[in-house]
Amino acid sequence: MSWRNRCLGAVALVAAAVPAKAEDQLKMAIGQINNWENQAPVLGQEAGIFKKHNLSLELVGTQGAGETLQPVISGSADLGGGVGVAGVMRAFARGAPVRILLPAFTGTGDLYWYVKADSPLKTIKDVTSSNTMAYSTSGSSSNNLVLAFIDELGVKARPTATGGPPGTLTQVMSGQIDIGWAAPPFGVKELKEGKIRILIRGSEVPSLRNQTVRSIIVNADALKTKHDAIMRFVEGYRESVDWMYSDPAAIKMYADKMKLDESLIADSIKEFHAKEALQTDAMKDVEGIQRDAVKLKFIDTPLTKEQLAELIQIPPRKK
């Protein structure tokens with residue numbers, strides 16, 4: 001063996017002996033983790049997108065914003081997904097160490113409220129104060145919407161926390177709850193089979209149509225101590241959203257996970273989840289968000305300009 005080949009062989013052995021850099025790990029709690037709009041971390045990780053950014057995500061599903069906020073506030077989770085913005089503002093105003101890292105969903109066209117097919121409630125005008133109306137958890141966007149139905153549309157109902165869509169459907173079908181809530185694709189099969197009927201959609205609330213209603217949040221200390229990893233998470237998240245809307249493999253992967261037909265998923269996304277709603281560059285209608293958060297008693301007074309600058313820390317998109 002020549003001297004040159006021996007040197008190249010030695011270099012190769014040394015390179016093989018050096019372990020690859022370990023992926024940084026981030027823990028993320030996600031409200032309603034099975035909803036399409038909350039799937040970027042899940043599908044992105046399965047597709048290897050976050051691995052490209054040297055990240056490994058530990059993902060935990062929750063029943064909604066209330067359950068998602070708590071681990072992020074305590075620091076047991078670095079990030080939280082699908083969290084209602086009004087609920088984040090309330091926690092921040094009370095001194096919780098949370099920051100908004102990215103907008104997650106803008107508008108309210110993805111949420112709907114339904115009744116059993118044989119329910120005497122034919123329209124929202126039939127609802128009385130004796131009827132119960134579901135939302136997930138306190139501080140969630142479904143909570144915000146139910147309060148807005150009452151305040152803006154004059155709906156007469158008793159807001160009732162029911163957790164996620166599967167448990168809510170069980171309560172509706174068993175008669176424990178009059179009006180359930182859901183986000184597609186959950187419930188789409190039951191709608192097509194005629195088991196349930198949509199009574200009202202979130203998009204019927206005028207003030208919330210163009211607001212960013214859900215966000216990705218980060219623990220304030222984690223944002224400092226794990227800043228580089230969290231910035232890479234932002235890149236991976238944005239890349240995952242783009243991939244979800246450009247590669248049919250994403251819909252197939254999601255349909256297989258949900259055990260639903262691909263065409264049903266594709267139709268559901270087209271009707272309820274336009275890509276623009278998942279934009280990650282800016283909080284839309286912050287003035288309206290503040291106004292409604294005060295009106296619906298999430299916060300006592302609007303946050304100051306300085307407070308908003310501290311709360312909202314959206315990294316600019318890389319060019």
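The values are calculated or read from the model by the stated rules, or taken from the named source; none is laboratory data. None of these values were measured; they are calculated from a predicted model. Methodologically, a virtual Cβ is constructed for each residue, glycine included, from the backbone with ideal geometry; neighbour enumeration extends over all protein chains shown. Side chains are part of the model used for accessible areas, which takes the heavy atoms of the whole protein and leaves out ligands, DNA and RNA. Shrake-Rupley method; radii C 1.70, N 1.55, O 1.52, S 1.80 Å.
Side notes on the structure shown:
- The listed residue being crowded, with 17+ Cβ neighbours inside 10 Å, in contact (Cβ under 8 Å) with a residue 60 or more places away in the chain and in a helix (DSSP H, G or I), out of G180, G163, G236: G236
- Selection count, the range 142-155, where residues are in a loop (DSSP other than H, G, I, E, B) and either of a type in the set (G, A, S) or modelled with pLDDT under 95 (or both): 1
- Any chance G87 is under 21 Å from N143 (Cα atoms), in a strand (DSSP E or B) and under 16 Å from the mean Cα position of the chain (by Cα): no
- Condition check for L169: of a type outside the set (V, I, T), at pLDDT below 95 and either open to solvent by 10 Å² or more (accessible area, probe 1.4 Å) or touching a Ser or Thr at 6+ places or on another chain (Cβ under 8 Å) (or both): no
- Near pairs, Cβ below 8 angstrom, 6+ apart or cross-chain, from the range 250-273 (under 15 Å from N38 (Cβ atoms) and in contact (Cβ under 8 Å) with a residue 24 or more places away in the chain) to any residue that is part of a helix (DSSP H, G or I) and open to solvent by 70 Å² or more (accessible area, probe 1.4 Å): M253/E46
- Hits in the range 72-91 (condition: over 11 Å from I217 (Cα atoms) and open to solvent by 20 Å² or more (accessible area, probe 1.4 Å)): S74, G75, S76, R90
- Residue in the range 257-264 that is buried (at least 20 other Cβ atoms within 10 Å of the Cβ) and in contact with a helix residue (DSSP H, G or I) (Cβ under 9 Å, 6 or more places away or on another chain) present: no
- Checked against (1) closer than 15 Å to F105 by Cα; (2) among the aliphatic types (A, V, I, L, M); (3) out of contact with any Ser or Thr (no Cβ under 7 Å at 6 or more places or on another chain); (4) at pLDDT below 95, I314 meets all criteria but (4).
- One residue alone among A96, A134, A148, A104 is within 30 Å of D281 (Cβ to Cβ), surrounded by 24 or more Cβ atoms within 10 Å (Cβ to Cβ), touching a residue at least 12 places away in the same chain (Cβ under 8 Å) and not hydroxyl-bearing (S, T, Y), and that residue is A104.
- Verdict on E204 being crowded, with 18+ Cβ neighbours inside 10 Å, under 26 Å from V294 (Cα atoms) and acidic (D, E): yes
- Hey, N219 surrounded by fewer than 16 Cβ atoms within 10 Å (Cβ to Cβ) and among the polar types (S, T, N, Q) or not: no
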